[in-house]
Each structure stands twice: as C-alpha cells, then as structure tokens.
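To start, the structure under review is shown below, and the notes come after it.
The values are calculated or read from the model by the stated rules, or taken from the named source; none is laboratory data. Note that the coordinates shown come from a computational prediction; the quantities given were computed from them, not determined experimentally. Cβ coordinates were reconstructed from backbone atoms using ideal geometry, including for glycine residues, and neighbour counts include every protein chain displayed. The protein model used for the area step is the full one, side chains on, heavy atoms only, and it has no ligands, DNA or RNA in it. Shrake-Rupley method; radii C 1.70, N 1.55, O 1.52, S 1.80 Å.
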Amino acid sequence: MTGGDPAPRLSPAPPWLLFWFLTALCRTVPRQLPAWRDTLLDLLGATPDPAATVPGSDLLRVAGLVDLVPAFVLLAAVVTVAGAGVRGRLVERRYRLTGDVGSPGVAAIAAYARAQLPGVEVRANLRRTDLLAFAYLRCPRRPRLAVFAPLVVLWRRDRAAAEAVVRHELAHCRQGDTYLAGATSPLAFVVRHWFGLFVWAAVVPVGAVWFADVLDGAVPSAGQLGTGVGLMLLNALGLLLAAITLPVAGSWSAEFAADHVAAAGPATRLGTAQPLRVLARLTHPPMALRWRLLRAGPRATAFAAIACYPLGWLVQLGWLLLAAHAAWLQIGESGTLHAIGLWAAAGWPVWAAAAVFLAVWPLLRRPWARVVSC
C-alpha cells in the first residue's frame, strides 16, 4: 500500500453468504436428506408402492421437483465453491480477459487495486463496453479484478467514482463473496432463474394433471379446478421462494457491505459507478435502495449489511407459512402456531451460531480477509 492510500475499510458484517452455505451443509442436509431421498425415489418411480392407478400420476411426480429445490440450491452452491478454478477459466474465456495492462488507464487501475489488496491480479477487455468491472477467483485465494473499457473512461473523467468501483469489487474479495457469487456462479444462476424453475417444475406438470382430470371428469367444475390448481401452485411457490430467500439475503448483505467499503473514499459518488447493463436480478438489491442508504451515511449501510441476513429468516418464515396455508386449505385444517414452533425449534441453533459469529466478527474480520483473499 502506498503512503497516499488510506487503509481499506473492512466489512461491518460477517460473510453471511458463506455462513448460509456452511450452516446449510452442517444443519440442513443431515435433517432433510431422508425426505429428499424419498422425494427423489418417488420422482424416479422407484417407490415401493407407486400410485400407478391414479390418472396422470407419472406426470404429477414431476411436481416433486419443487420439494428438491433446497437440495438443488445447495448442490449449486457446492459446485460453485468446488469449481473455483474452472469458473475462473470460464470467466476469462467468456469475457475475453487478458493480462495485458499496457494501457496507461489499466495500469493505473491495477496499481490502485494492488495498493488496496496486494495479491489481486488485474485482467482487462477494453473492447467490451457494457460492463465496468467485477471480481472473480482464478483459484482459491487468488482473486482477480476484471476491468472493462467504461471503467478506464470513468477513471479519466471521475477518479473518485472509479476508485469506488474498485474498492467495491475488492471488498467482495476480502469477504470471500467470490467463492459463491459472481460471474458464472451456478448458485447465482439458480437464484436468478427461479421463475423458470417454478414454471417447469410446478406450473406445467400440475396444470397438465388437473387438465387431464377435467377431461376425465375427475374434477366436477372449473371452479374446483381453479381452486385446486391455485392452492397447489401457491404451495410450490412458497417452498421454492423459501429455498432461495437466505442465499438472496446473503447476497444482498454482501452488496451492502461492499457499498459501505466503497464509500470510504473521499468525494465518492457511487451513483456514477453502476454497471451499464443490469445483470443482477434478485442477487443484488435495487440500485435505488443502495443509493438511499449511501446518502444516509455509513451507519445506514453498515446496519443494512448486518441486518439483511437475519431479516431473511423472517421472510423465509413468511414463504413457508404461505406454502403451509395452501396445503392446509386443501385438506381443511390449520396449524399456524404449530408450524412457527417447528420453524423456531429447527432454526434456533443456527440463530445462536449467527449471534456468536456477529459478536466476534470485529476481531475476526482482519484475519478473515487475509485467509480468504491472499
């Protein structure tokens, strides 16, 4: 770090996205693995007593894919972390990144980036004009910064804003966000395309089965058809959104934390530092919200980064209750308080671990940055 560059601000929040991943592997997988196994066997038609006599039963089994969405999300996360080296090569091939920093602008950006994070490597593609920059991993503990032509232009026109972009991306490296998020991330792909997954795993098979029942006379009226299909789809929608809520909350927290770090520089105007093309869709919070927090000051961005993930548990509870109510209406029962009790009993060990992690984070964040980045 050069004498003129201030020490980089560290994240006020723990790496909630990685916390979700580790706690899901240690807590969710052992608890849900038997149910996932049974659902998969039913989906493959390998159950001991398949309902072969029910019209459309083979097609209806496809709707069981929704029950496997949490497992699918976790599998995508495992592939994302385990394939860091492959992802790095794919990123550089897809975006045609090279190590040529002969351009004065790229060289200046690389020097500033290394002053902030000594081990970072810079790769550039000055022919691409729809992106500013993003961070990625070439392999574990080898972060790289991808630089594109608009950032070089911004560097000449508004140095403070360009430096803010670089600080934002390097903050993701220090937190370890690039292990799970970013370009070519299978986890991000699943989260962004949740609606397509819902359509193919729920809308198509459920709608087809109920339509077949109408043709066979199994459903007496169109009103019953609409009610039944609607409740089944609400149940599936609630389960699917509950499965992706915590990864989304972790991603939002990472963005708020990176904004907090980026705003540490003098005369920063992050409003000019947004990407020219919006690629995020759900994995990033709305830009209007981020600008509002930045204008409110560092306390607001720090609070958002810290609180976003814990609030995600409440959002997840809302989706689970939606799914449960849809199922209860189909059988004419209810049990909201019981469902909340089960949710609390399953979640309190993770909540306790999160509270401890948050309490010790001020002591951990500096060594954490050294371990995960370089």
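Contact order, relative form, for the range 80-133: 34 percent (alpha carbon pairs under 8 Å, 6 or more residues apart, mean separation divided by residue count). Normalised per residue, the accessible area of the range 299-359 is 57 Å², obtained with a 1.4 Å probe and no contribution from ligands, DNA or RNA.
Surface composition of the range 110-162: carbon and sulfur atoms hold 48% of the protein heavy-atom accessible area at a 1.4 Å probe.
Summing charges over all other residues whose Cβ lies under 10 Å from the Cβ of residue 110, with Lys and Arg as +1 and Asp and Glu as -1, gives +1. Answer rounded, prolate or oblate for the range 122-178, using the Cα gyration tensor with square roots of eigenvalues a ≥ b ≥ c: rounded when a/c is under 1.5, else prolate when a/b is larger than b/c, else oblate. Judged from the Cα gyration tensor, the range 122-178 comes out oblate (a/c at least 1.5, b/c at or above a/b).
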